[in-house]
Amino acid sequence: MMWTDKTHFYAATDCKHLGKPCPAAERMIAKLAEAMTKAKPLTQEDFEITGTTALDGCPRNCPAQFAASHDRIRLFCGVGEDAPREGLDRFADAILSREGTGFAASSLNARPCALMEALPKTDEARQAEQMMVL
């Protein structure tokens, strides 16, 4: 699934347990995007926050690992803090990135049951949207 808000473009895979994107994960990535947008004027370009959380409202109480920077936000559902982020990022790149290459999911120690990504809109994209409204 893909969607947008005022500041970000979002992409999400279906949760393998729910058969659709997880609403709790959607709320979490939206809050991370909001926090990064608010932090941008106060932080440097290489600012990043990472961590784990329990997805509030997830019917399975999934843990999730996240990494948020000004360039990209990713949320990996169903994996805890011990899952190596490098492998998770390669997996996400294979699914979500145009430049992604093939990746054997069997090589992951912990496979996410779903993943989400938020990319910030460029100034040009925001201006184009404003022009369409007029």
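One table, with the values for the structure above:
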read-out: For the chain, convex hull volume per residue from C-alpha positions, Å³; value: 125
read-out: Accessible surface of the chain [probe 1.4 Å, protein heavy atoms]: carbon and sulfur percent; value: 52
read-out: Segment 72-77 - phi-based ³J(HN,Hα) in whole Hz, Karplus 6.51/-1.76/1.60, Gly and Pro as x; value: 6, 10, 10, 10, 10, 7
read-out: Accessible surface, the chain, averaged per residue in Å² (probe 1.4 Å); value: 62
read-out: Dipole of the chain [Lys/Arg +1, Asp/Glu -1 at C-beta], most positive-end residue of Gln65, Leu55, Leu18; value: Leu18
read-out: Theoretical gain in end-to-end length, Asp71 to Lys6 [0.36 nm per residue, Cα-Cα removed]; value: 21.8 nm
read-out: Added length on full extension, which subtracts the Cα-Cα distance from 0.36 nm per residue, Ile95 to Ala35; value: 19.1 nm
read-out: For the chain, size of Cβ-based charge dipole, Lys and Arg +1, Asp and Glu -1, in debye; value: 420
read-out: Accessible-area ranking of Ile29, Ile95, largest first, probe 1.4 Å; value: Ile95, Ile29
read-out: Projected label distance in nm at Asn109 and Asp46, using a 7 Å step from Cα toward the beta-carbon; value: 2.6
read-out: In segment 41-104, trypsin sites (Lys or Arg not before Pro) in a DSSP loop with at most 12 other beta-carbon atoms within 10 Å; value: Arg98
read-out: Exposure of Lys40 as accessible area (Å², to 10), given a probe of 1.4 Å and all protein chains; value: 90
read-out: Heavy atoms of His8 accessible to a 1.4 Å probe, total area in Å² rounded to 10; value: 10
read-out: Relative contact order of the chain, defined on C-alpha pairs under 8 angstrom at six or more residues apart (%); value: 29
read-out: Unsatisfied cross-links (Cα-Cα over 20 Å) in the set Lys40/Lys121; Lys20/Lys40; Lys20/Lys121; value: Lys20/Lys40; Lys20/Lys121
read-out: Under DSSP loop assignment and at most 13 Cβ neighbours within 10 Å, longest GluC sites (Glu not before Pro)-free interval of the chain; value: 1-44
read-out: Proximal aspartates and glutamates to Lys6, defined as alpha-carbon separation beneath 12 angstrom and excluding residues fewer than eight positions away on the same chain; value: Glu34, Asp123, Glu129
read-out: C-alpha long axis of helix 23-39 to longest principal axis of the chain, angle in °; value: 50
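The values are calculated or read from the model by the stated rules, or taken from the named source; none is laboratory data. What you see is a predicted model; the values in this text were computed from it and never measured. Cβ: placed from backbone, ideal geometry, glycine included. Neighbour counts: every protein chain shown. Each accessible area value is taken on the protein alone, full model and side chains, heavy atoms only, with ligands, DNA and RNA left out. Shrake-Rupley method; radii C 1.70, N 1.55, O 1.52, S 1.80 Å.
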